[in-house]
Amino acid sequence: YPTGICGQFAQQYLGLPQEVLITVMKEHQRYFPLWDNQGQLMARFIAIRNGGQEHLGVVKAGNERVLEARLSDARFFFDEDVKEPLEAKVEQLKAVVFQDALGTVYQKLLRIKELTSLLSDTLGLSPQAKTAAERAAHLAKADLVSSMVIEFPELQGIMGYYYALHHNEMKEVATAIKEHYQPRYAEDGLPTTAAATVVAIADKLDTICGCFAVGIKPSGSGDPYALRRQARGICLMVIEGQLDLDLMLLVEQGLKAYCRQGLDLDEGKTAADL
């Protein structure tokens, strides 16, 4: 017997990034966030209880206490994360495994930077856009070791955006950090800038190349690394952006980056399969 309850939380938490509040309410508590007529997130939520109108005040207070604790944690994570810039977190990626056979996230970062430079030159990006893309590639995965993303993995990239802005990185760099995961799903938007696009292509291409190199390929029954979605994302960015790219050349360069890091693979066969 579902009954809706409108609760509220302290206004101070509206100072956190909107995505953090929505994630806590929607994904973790199964609450409905609320917006006002101007599209601003409100310090209110709707929860659903199983039962009628009895003791609604008690149920409302209980839900508010739970949300308060969650938001307090989020505020603590955010305050801790911004004590140091993203740059300081990059080195910590050496301790984070990307994939057992493919090394660490830090190694992936080095490969993404190589591909980003190649793509920037191939597409003739302006010096400013190339600089932004290369800086974004360097910082793109740094938020993975932040307290907020460890607690809320769905905020990867998004928190990198806010932390980059907090420490005065260029807006184009912050945007590329956030958008390089796009498109995340079928209806998701594409990256909106040239810098974000080249980092997004580099990241996805690196994942696909590495997985194929060690025999991880999509099958009729499974695609645990979402390689089809990432390949589709690359195709959409190339087609929608009318990018003049030689995908076979990019694949070859992606595989060579793994070889330079010591991965033993059959470049010709892997490239042909890919």
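The values are calculated or read from the model by the stated rules, or taken from the named source; none is laboratory data. No experiment lies behind these values; they were computed from the predicted model shown. FYI the Cβ positions are ideal-geometry reconstructions off the backbone, even for glycines, and counts take in every protein chain you see. Remember, those area values only see protein heavy atoms, side chains included, never the ligands or the DNA or RNA. Shrake-Rupley method; radii C 1.70, N 1.55, O 1.52, S 1.80 Å.
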Matching entry among T192, T197 (being at negative phi, surrounded by fewer than 23 Cβ atoms within 10 Å (Cβ to Cβ) and β-branched (V, I, T)): T192
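Only residues that are of a type in the set (S, T, N, Q), surrounded by fewer than 21 Cβ atoms within 10 Å (Cβ to Cβ) and assigned to a helix (DSSP H, G or I): list them for the stretch 113-156, please.
Once the filter is applied, which keeps residues that are of a type in the set (S, T, N, Q), surrounded by fewer than 21 Cβ atoms within 10 Å (Cβ to Cβ) and assigned to a helix (DSSP H, G or I), the stretch 113-156 yields S117, T122, Q128, T131, S147.
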Only residues that are within 28 Å of the chain's Cα centre (by Cα) and open to solvent by 40 Å² or more (accessible area, probe 1.4 Å): list them for the stretch 42-76, please. M42, R44, I46, V66, E68, A69, R70, S72, D73, R75, F76
May I ask you to list the residues in the stretch 220-235 that are open to solvent by 50 Å² or more (accessible area, probe 1.4 Å) and either over 16 Å from the mean Cα position of the chain (by Cα) or acidic (D, E) (or both)? G220, S221, P224, R228, R232, C235
Subset of the stretch 236-255 (residues that are open to solvent by less than 40 Å² (accessible area, probe 1.4 Å) and closer than 24 Å to D266 by Cα): L245, L250, V251, G254, L255
Output for the stretch 208-263, where each listed residue is within 15 Å of Q99 (Cβ to Cβ), of a type outside the set (A, V, I, L, M, F, W, C), in a helix (DSSP H, G or I) and without any contact (Cβ under 8 Å) to a residue 60 or more places away in the chain: Q230
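Any residue in the stretch 55-74 that is acidic (D, E), free of Cβ contacts under 8 Å to residues at least 40 places away in the same chain and farther than 30 Å from V238 by Cα?
Here is the first cut: in the stretch 55-74, the ones acidic (D, E) are 64, 68, 73.
Checking the rest, the ones that are also free of Cβ contacts under 8 Å to residues at least 40 places away in the same chain come to none.
No: the stretch 55-74 contains no residue that is acidic (D, E), free of Cβ contacts under 8 Å to residues at least 40 places away in the same chain and farther than 30 Å from V238 by Cα.
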All but one of (1) among the acidic types (D, E); (2) open to solvent by less than 20 Å² (accessible area, probe 1.4 Å); (3) not in a helix (DSSP H, G or I) hold for E187; state the number of the condition that does not hold. (2)
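What residue, of V24, V97, V82, V59, is out of contact with any Leu (no Cβ under 9 Å at 6 or more places or on another chain) and under 21 Å from Y161 (Cβ atoms)?
Working: V24 fails: out of contact with any Leu (no Cβ under 9 Å at 6 or more places or on another chain); V97 fails: under 21 Å from Y161 (Cβ atoms); V59 fails: under 21 Å from Y161 (Cβ atoms).
Answer to the check: V82.
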Please go through the stretch 71-112 and pick out each residue that is in a helix (DSSP H, G or I), basic (K, R) and closer than 29 Å to T23 by Cβ. R75, K89, K94, K108
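Mind telling me which of the residues Y258, Y181 ends up being more than 17 Å from T122 (Cα to Cα), in contact with a Cys (Cβ under 7 Å, 6 or more places away or on another chain) and either among the aromatic types (F, W, Y) or open to solvent by 10 Å² or more (accessible area, probe 1.4 Å) (or both)? Please lay out each step first, then the result.
Numbers: Y181 fails: in contact with a Cys (Cβ under 7 Å, 6 or more places away or on another chain).
Result: Y258 is the single residue among Y258, Y181 that is more than 17 Å from T122 (Cα to Cα), in contact with a Cys (Cβ under 7 Å, 6 or more places away or on another chain) and either among the aromatic types (F, W, Y) or open to solvent by 10 Å² or more (accessible area, probe 1.4 Å) (or both).
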